[in-house]
Amino acid sequence: MSSEKIDLVIHGPSKPIVNTGFSDQFVLHHFEKTHDLERLTPDVAAKVRGMAITYNTVRGDAKTLARFPRLEIVASFGVGYDHVDAAYARDHRIMVTNTPDVLTEEVADIAMGLLISTLREFIKADKYLRAGQWHTAQYPLSPGSLRDRTVGMVGMGRIGQAIARRLEASRVPVVYHTRSPAAGVSYRHYPDLMEMAKAVDTLIVIVPGGPSTTKMINADVLKALGPRGVVINVARGTVVDEQALIAALKSGTILAAGLDVFEKEPDVPDELKSLQNVVLLPHIGSASVVTRNAMDQLVVDNLKAWFAGKPPLTPVAETPVKAQ
Ligand code: A2R
């Protein structure tokens, strides 16, 4: 590494591991919100060579990236990077990295917990106990159970496979839908989502966000799932047509849903909040101290590797370049 200072923009919420993770060879410029970039001065903009995006509430869109003529790398926090314009980055020779793997098991745990909470009504049962109703009567039997279900995974990548392993340990049959069969996976593959929805009663959604998956879980898919149907979404809110889901939950077209993600987070429609047959989580899939620390560290390590002239650790598919 030369002795030249390396200017980095830290774009997004402040993170101790990011703030303290760089030697004094790096100069950090912190912008908490995307609109804070309006106060960027031309001399700083001209120097910046790297950017950390510390949460998906800020954007690495073309307009943001274009502010920095010397930008070489964007290290984004999270496995999903639909808030970063990776195609623009590729076309402008900017490396993009994300933080896969370190959150895989944590998100898979949340998916299983959410599935069981939804089927066996943990939240309603907890409220029942606290309200003193147990003294009057036993909690009613849950119509939902894992025991008589087949799960159709929508997505069978790193996290999908970790969820499927948990289902297998719980002796639940698994099938999946992706565009191409996943390597080394023996579950039945459905190239057609509608065909799979007709054949199963449970969908667990774990695909990336973005145009190719927007509203793929729509009214027709929900209808095909049927009145025993359960939808668990731990991917991105955009993947499920939220209005169609609300209608299906209200009409009994499906039985229940468990959601960790929403179309316009943190805004969740009041109609959804008023429903009893849905469990709602505030996007906590990877949100434990241990896992978030590992994700923050990977953001730092990608930037450090790049500026040490080494390959980035976890480049995204659009920018598979191995080193500067
Ligand atoms: O379709 P394929 O063969 O590329 O399989 C991938 C699947 N997938 C899709 N399936 C159906 N229709 C699509 N348009 C579509 N696009 C992608 O999603 C693959 O099986 C899976 C993605 O796997 P990974 O890239 O390994 O991601 P990982 O680590 O499992 O995370 C999935 C997503 C993240 O992007 C975040 O949005 C969320 O979970 O946390």
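The values are calculated or read from the model by the stated rules, or taken from the named source; none is laboratory data. Note that the structure is predicted; figures quoted are calculated from it, not measured. As a convention, Cβ positions derive from the backbone with ideal geometry for all residues, glycine included, and neighbour counts pool all protein chains shown. Just so you know, the surface numbers come from the protein's heavy atoms only, side chains and all, with ligands and any DNA or RNA stripped out. Shrake-Rupley method; radii C 1.70, N 1.55, O 1.52, S 1.80 Å.
Efficiency by 1/(1 + (r/R0)^6): what FRET value for HIS30 and GLU265, r their Cβ-Cβ distance, R0 = 25 Å, to the nearest 0.05?
Numbers: r = 23 Å, r/R0 = 0.92.
Plugging the Cβ-Cβ distance into 1/(1 + (r/R0)^6) gives 0.60.
At 7 Å along Cα-to-Cβ for each site, give me the label-to-label distance between LYS63 and ALA308 in nm.
3.7 nm
FRET efficiency for SER288 and ASP126, Cβ-Cβ distance as r, R0 = 22 Å, nearest 0.05?
On the way: r = 21 Å, r/R0 = 0.94.
The calculated FRET efficiency here is 0.60.
For the ranges 293-301, 183-191, 230-238, what's the packing order if you count other beta-carbon atoms within 10 Å of each residue, average per peptide, and put the highest first?
Values: 293-301: 19.7, 183-191: 13.0, 230-238: 24.4.
The densest-packed peptide leads the list: 230-238, 293-301, 183-191.
Using only the heavy atoms of the protein chains and a 1.4 Å probe, how would LEU146, LEU280 rank by accessible area, largest first? Working shown, then result.
Values: LEU146 20, LEU280 60 Å².
Result, largest first: LEU280, LEU146.
Over region 1-64, what relative contact order in percent results from Cα pairs under 8 Å that are six or more residues apart? Working shown, then result.
Values: 83 pairs, mean separation 29.3, N = 64.
Contact order relative to length: 46 percent.
Take the eigenvalues of the Cα gyration tensor for region 216-313, scale each by 5, and report the square roots as semi-axes in whole Å, largest first.
Details: eigenvalues 268, 40, 23 Å².
Equivalent ellipsoid semi-axes, largest first: 37, 14, 11 Å.
Report the accessible area of LEU313, computed with a 1.4 Å probe over the heavy atoms of all protein chains in place, in Å² rounded to the nearest 10.
Its accessible surface works out to 100 Å², give or take rounding.
Cα to Cα, under 22 Å, and not fewer than 8 places away if on the same chain: which lysines meet these conditions relative to LYS47?
LYS5, LYS33, LYS63, LYS304, LYS310
If you stretched the chain out fully between GLU168 and HIS189, how much longer would it get, using 0.36 nm times the residue separation minus the C-alpha to C-alpha distance? Can you show the working numbers first?
On the way: separation 21, 0.36 × 21 = 7.56 nm, distance 1.58 nm.
Value of the extension gain: 6.0 nm.
Could you work out how far the C-alpha centroid of region 173-196 sits from that of region 48-89, in angstrom?
Measuring centre to centre over Cα atoms gives 32 Å.
Run the numbers for VAL44 and ASP148: contour at 0.36 nm per residue of separation, minus the present Cα-Cα distance, in nm.
Between VAL44 and ASP148, full extension yields an extra 31.4 nm.
Putting +1 on Lys and Arg Cβ atoms and -1 on Asp and Glu Cβ atoms, find which of LEU280, GLY252, TYR139 reaches farthest to the positive end of the dipole of the chain.
Looking along the dipole axis, the top candidate is TYR139.
Rolling a 1.4 Å sphere over the protein heavy atoms, what is the accessible area per residue of the chain, to the nearest Å²?
On the way: 15490 Å² over 324 residues.
That works out to 48 Å² per residue.
Would you work out what percent of the accessible area of the chain, with all protein chains in place, is carbon or sulfur (probe 1.4 Å)? List each step's numbers first, then the result.
Details: 8540 of 15490 Å².
Exposed carbon and sulfur together represent 55 percent of the surface.
With point charges of +1 on the Cβ of Lys and Arg and -1 on the Cβ of Asp and Glu, referenced to the Cα centre of the chain, which listed residue (HIS92, ASN218, LEU8) lies farthest in the positive direction of the dipole?
Of the listed residues, the answer is ASN218.
What accessible surface, in Å², does a 1.4 Å probe find on ARG292, ignoring ligands, DNA and RNA and rounding to the nearest 10?
50 Å²
Send over the per residue convex hull volume for the chain, Cα only, as a whole number of Å³. Could you put the intermediate results ahead of the total?
Values: hull volume 48.1 nm³, N = 324.
Dividing the Cα hull volume of the chain by its residues yields 148 Å³.
Subtracting the Cα-Cα distance from 0.36 nm times the residue separation, let me have the gained length for HIS92 to SER23 in nm, one decimal. Intermediate values should be presented prior to the final figure.
Working: separation 69, 0.36 × 69 = 24.84 nm, distance 2.76 nm.
Contour length minus the Cα-Cα distance gives 22.1 nm.
Heavy atoms of the protein only, probe of 1.4 Å, neighbouring chains included. What is the accessible area of ILE116 in Å², nearest 10?
That residue has around 60 Å² of solvent-accessible surface.
Need one number for region 271-324: average projected area of the convex hull over its C-alpha atoms, nm². Intermediate values should be presented prior to the final figure.
On the way: hull surface 24.2 nm².
So the mean shadow area of the Cα hull is 6.1 nm².
Under 18 Å Cα-Cα from LYS250, which lysines qualify once same-chain neighbours fewer than 8 residues away are excluded?
Those lysines meeting the cut-off are LYS124, LYS223, LYS273.
When the helices in the chain are scored as -39500 (n - 2.57) per DSSP H run of 4 or longer and the sum is shared across all residues, what 222 nm value do you end up with, to the nearest 500 deg cm²/dmol? Mind dumping the intermediate values first?
Details: 12 runs with 106 residues, N = 324.
One gets -9000 deg cm²/dmol as the mean residue ellipticity at 222 nm.
What whole-number value in cubic angstrom gives the convex hull volume per residue for the C-alpha atoms of region 1-128?
Working: hull volume 18.8 nm³, N = 128.
Enclosed volume per residue, from the Cα hull, is 147 Å³.
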